[in-house]
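Nothing in this text is a laboratory measurement; each read-out follows from the coordinates by a stated rule. Everything numeric in this text was worked out from a predicted model, so none of it was measured. A quick note on method: Cβ atoms are made from the backbone with ideal geometry, for glycine too, and the neighbour counts reach across all protein chains shown.
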Amino acid sequence: MFEIGLFIFIETLFFVFVYLFLILEKIYSILGILGGIILLSILINKIDKLNSFLKKCFSEYKTPAILYGIIFIIALPILLRNYPYQIFILFNAGLFALLALGLNWQIGSTNIVNFATGASFATGAYTSALLAINMGWSFWILLPIGGLAAAGIGFILGLPCMKTKTYYLSLVTIAFTLIVYLLLNNLSWTGGPDGIADIPFPKIGNHSFGSPIRLFGWEIPFQANFYYLTVFLIALTFIVDRRLRYSRIGLAWNAIRNDEIAAECQGIDVTYSKVLSFSLNFFFDGIAGTLFAFCMSHISPESFTFNVSVTVVTIVIVGGMDNAVGVLFGALLMTLIPEKFQVFQNYRMLIFGFVILIMLRLRPKGLFPQTVRKYD
Amino acid sequence: MTQFIEQIMFALMLSSTYALISVGFTLFFGAINIVHFSHGDVAMLGAFSGIIIYGLFGFTGLIGNVPSWLVTIIIFLATFILIGFLGTFFERTVIKPFRKSPLLMVLVTTIALGIVIRESVRLFYPQGSNPQVFPKILPQMNFEAGNLIFRFDHLLIFLISILLISFMFLFINRTKTGLAIRAISQDIEAANLMGINSDIIIAITFFIGSILAGLAGILIGSYQTVVRFDIGLMGGIKGFSAAVVGGLGNFYGAIVGSLVLGFIESLTSAYIPGGAPYKDVFAFIIVIFFLVFKPSGILGRMAPIKI
Amino acid sequence: MKKFESLLIAVLLILVGLLFIDSPTVFSAEKKLVKIGFIGPLTGPNAAVGLGARNGADLAIRQANERGDLPYKFELAVLDDASDPTTGVAAATKLCTDLLVAAATTHFNSPVGLATIHVFHRYGVPQMFWGGIHPDITNKYNYPEVTRICPNTLVEHNNLAIFVIGKLGYKDWSIIYDMSSYGKNCLDAVKPAVTKAGARIFSEDGIAVGTVDFRPILSKIKAIKPAPQVIYFGGVVTEASLIKIQMNELGMKNLYTGVTGLDSETFNATAKEAAEGTLIIGKAHIGESSPFVKAYKAAGYKEYYEATGPYAYESVNLIIDAIKKVGPEDKKKLAKMIREMEYRGILGITQFDEFGQTLSGGLTVKVSQDKKWLLWEDSEYAKGKRSIPGK
């Protein structure tokens, strides 16, 4: 009884931290909270008793912990109903989480460092935007279509690359991203540097995503609509991740990661698995892209540069490869921190770079390192 | 006809600027299996250090008194030493701690390092966000042959680049330290067992690579006459591309790759109507093309770096 | 590792301790705090411009507070958009939902502006653009909140055509433009403007932002016979100065021209002697002896004010003037007041048309002489003492 109480207390403390981090504005407060979080993680690392206690709690009380977490996530926009900006950046963090979770399958599971996320993100966004403006299709149809379009591109990219390895493959993806960005910028039917404007807000029945949610007398800002949809999609991605991991495909991916030749000898169709990882990754990127386009209602090539790819790759590596929870945390960290660092104005990127270096120094294997499969 | 010769000259110069960077990438990868994402930014630091040292001369009033060729040599030497040590410093602090970690970690740390280097220059160098003029430290004479104007300083830049790359090549292949580097690239544990202190050799490798980058910065600065805090980013990507296309880990490959990239960029912007904005697209499409048909690069990986 | 960790823990403990320090509150008891938002690129490739504008806006706020003639204490709420639309929208959302923010002055990059105008419109907060020249910002939606205090490209290029073609008689043009939103806008404005005035366009070349080697393109232009008299560049300073330097390297004697994107002392500082004889349509002439420059220098900002600094400065002053008339609380009234203002300041008279675009923007013709931008009228070129290239 005492154990579970303590555990809930720690989890609540964590939620309070998160809430405060989002709300507080002054430099001291932000640095203080950040310092507190890093301090806590070092302590957890060092103090073995705490470490094993937490590990034990997680495995024993997994379901209530996760349930509590879900309640917090759903309640968050209500707690933040006076802070639309915070909801927006959480939505943005969620988008990056989607991108990173997809990429995780490639980097984490099959060791393909894919720098083409900028391109797949763009494909989803532009496809759905163009179809919405020119054909008037609804958002809900376009969501999977954006994903499929991107997956198609992934397939096209993946196929000829099957003979290339590791760094060479990475370069192909880098080149691809740059090419897509340049084409989007230069071609006229993509709107050129001005992009595409006036993308309509999605609707559920009568409720437009552009209007606030009215619930029990609370008025929750409209950004929450997108937030909830993103959370739902992330949950879906988690489920897909779980199913994949324990399926033949997941096993095949990990086998390829460990030793490609051995995997092939075992009868695993390496080409098929790799192309599948490309397509799946891109599918989710495309969905994220569609979400992005419909929230911003105006997209331009500037949002789809190589930097996006670099950010997502960094998230996956920092968060811990092949570990969905780690990647999620990585996404939150890497998107929320630069925003909160706005208070440092033009020093924020410098400080952010240092923060990444320090974080990696502390956890050289990633926040939540690659897990070895449990065989039982 | 003269136009064509002029274009070829420009293409060669562009290729040589890429070659200086790509050789560094190939060295790091060949020797220690590391992709040093911020190598281009180290080159940028070289260019900036050239500007700063030149400025020091002016500041201390020595500029009139010291013959200009001496100034040039001092700038080269000082950058040589400065960037060499700076590069090794980066390696000790940022790359070494990750030697036991998955290789991809190093990728991210060098990305973050690149951010820190670029932002530091932007913030702490006066007017850092603006383009900076690189001083004219090479003799500014011209030759004319028919309609063509040959610039002596461009010729010098080209020759010095070739010299630098050749020196490095000779160092790797003909000296004892070079032998040690090659040994490590083959099998680091065996090399250790043979009595090679791999830690020091790695440091030396970084020292050399960084020197090359620093001097590359000066040469690129002299050629382009203007440098900015973010030239390292794209330059690094192009240099990396050149190295990969030619075959990562292969010296000759880096040069071949640079030629491919430089020529395609230059010639497409000149000769394809409306092609200039797409020059990078062409270059990268060709990169992909080469990699699809020659998955290990044009000349493939040589392990070790051969004689 | 041990030492590093202990050091880190010490630093972190200090940081956590800071959490409990009471940060001094910003406003005094008597005066009401009014925030004016500023969004611009403080990081990224356009940082120089963004910082200059921020300083200009900051100067205006400082002066307003020093004057102290209003019952408000002003504060500049500065946010970075990093030239990225998503960051810009986040920043806009933050400002618009902060009740203390009365109005905002924003943006250098048009794509960012095109995304944020919807945010400012949704929350009804007045937004004045000190940069970002895309016509759609004002003309497409005509949001009552949006105004723009800098001139848009159509006016700029018409002026350019009138001067170079009409007055100097140069009818043969080669065009180079950069592939950003700004560059594209320049291309779309310069072509009709000069063809209408009777010019022939010999070549059109787009370049990717960040290109440093223009020699292939310039060499190609050099080979055009008959030689174009004018080489026009639509883009910003870094590329513009490189082009001029390399033009000189290749011995090209065409007239080099552009619009306000080149109007920055950085152009002269970078191209140095090569800049001589460049002719542009410039922004309002703020002389070295003007009170703005004196105050800017006295305030000790690290960065140049660039071309946009005075515009940001003026925009804040205009906003404050409007607040003086109708107060900061009713944003709708404030937006309407701003639209209707006729303000006299360092840019001359500023008035907005029915779309919120300034009518004048203080455009001038400038020429680079001895590494400085001079008004055409004041230069030795106008007096005939130096001859303009391209003859």
query = With contacts defined as alpha carbon pairs under 8 Å and 6 or more residues apart, what's the relative contact order of region B:2-293 in percent?
reply = 39 percent
key: Charge dipole (the protein assembly as shown, unit charges on Cβ, about Cα centre) - positive-most of A:G94, A:T190, A:L131   = A:G94
inquiry  = Given contacts defined as C-alpha pairs under 8 Å and at least six residues apart, what's the relative contact order of region B:85-164, whole-number percent?
reply    = 13 percent
query = Ranked highest first by the average count of other Cβ atoms within 10 Å around their residues, in what order do B:260-271, A:316-327, A:179-190 fall?
reply = A:316-327, B:260-271, A:179-190
query = Ranked highest first by the average count of other Cβ atoms within 10 Å around their residues, in what order do A:66-73, C:280-287 fall?
reply = C:280-287, A:66-73
task = Provide C:H107, C:H157, C:H118, A:H207 in ascending order of the number of other Cβ atoms located within 10 Å of each residue's Cβ, fewest first.
result = A:H207, C:H118, C:H157, C:H107
request  = Rank these for me by crowding, B:T26, C:T260, going from fewest to most other beta carbons within 10 Å.
outcome  = C:T260, B:T26
query = If packing is taken as the mean number of other Cβ atoms within 10 Å per residue, what is the order of A:86-97, A:148-159, B:165-176, B:149-160, highest first?
reply = A:86-97, A:148-159, B:149-160, B:165-176
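What relative contact order, as a whole-number percentage, does region C:129-201 give when Cα pairs under 8 Å and 6 or more residues apart are counted?
34 percent
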query = Of all the C-alpha pairs in chain A, what % are more than 31 Å from each other?
reply = 38 percent
Dipole in debye (nearest 20) - the protein assembly as shown, about Cα centre, beta carbon charges: Lys, Arg +1; Asp, Glu -1 = 940 debye
query = Semi-axes of the equivalent ellipsoid of region B:2-293: what are they in whole Å, largest first, if each equals the square root of 5 times a C-alpha gyration tensor eigenvalue?
reply = 30, 25, 19
message = I want to verify the translational diffusion coefficient of chain C in µm²/s; compute it with Stokes-Einstein, Rh as the Kirkwood radius over Cα pairs, at 37 °C and 0.692 mPa s.
response = 148 µm²/s
key: Label point distance in nm, C:A197-B:T60, each placed 7 Å from Cα along Cα→Cβ   = 5.2 nm
task = Tell me which residues come under 5 Å, amide H to amide H, from C:E204 once H is placed; ignore anything under 5 positions away on its chain.
result = C:I175
ask   = Which order do C:E303, C:E249, A:E219, C:E239 fall in if you start with the one that has the fewest other Cβ atoms within 10 Å?
value = A:E219, C:E249, C:E303, C:E239
remark   = Hits for chain B under the membrane-span-like helix rule (DSSP H, Cα axial span at least 18 Å, Kyte-Doolittle mean at least -0.5) are B:2-32, B:39-59, B:68-90, B:103-124, B:152-174, B:198-224, B:231-246, B:251-271, B:279-293
task = May I ask which of A:K203/A:K274; A:K340/C:K325; C:K302/C:K372; B:K96/C:K272 have a Cα-Cα span longer than 32 Å here?
result = A:K203/A:K274; A:K340/C:K325; B:K96/C:K272
message = Per 0.36 nm of contour for each residue apart, how much would the distance between B:R92 and B:E189 grow if the chain were fully extended, relative to their Cα-Cα spacing?
response = 32.9 nm
key: Test item: Cα-centred dipole of region B:2-293, Lys/Arg +1 and Asp/Glu -1 on Cβ, debye   = 360 debye
request  = Would you compute, from DSSP H runs of 4+ residues alone, the mean residue ellipticity of chain C at 222 nm, taking -39500 (n - 2.57) per run and dividing by the full residue count, rounded to the nearest 500?
outcome  = -12500 deg cm²/dmol
request  = Can you find, among B:T93, B:I160, B:F134, the residue farthest towards the positive end of the dipole of region B:2-293? Put +1 on the C-beta of Lys and Arg, -1 on that of Asp and Glu.
outcome  = B:T93
inquiry  = What aspartates and glutamates does C:K333 reach when the alpha-carbon gap must be under 15 Å and sequence neighbours fewer than 8 apart in one chain are set aside?
reply    = C:E145, C:D321
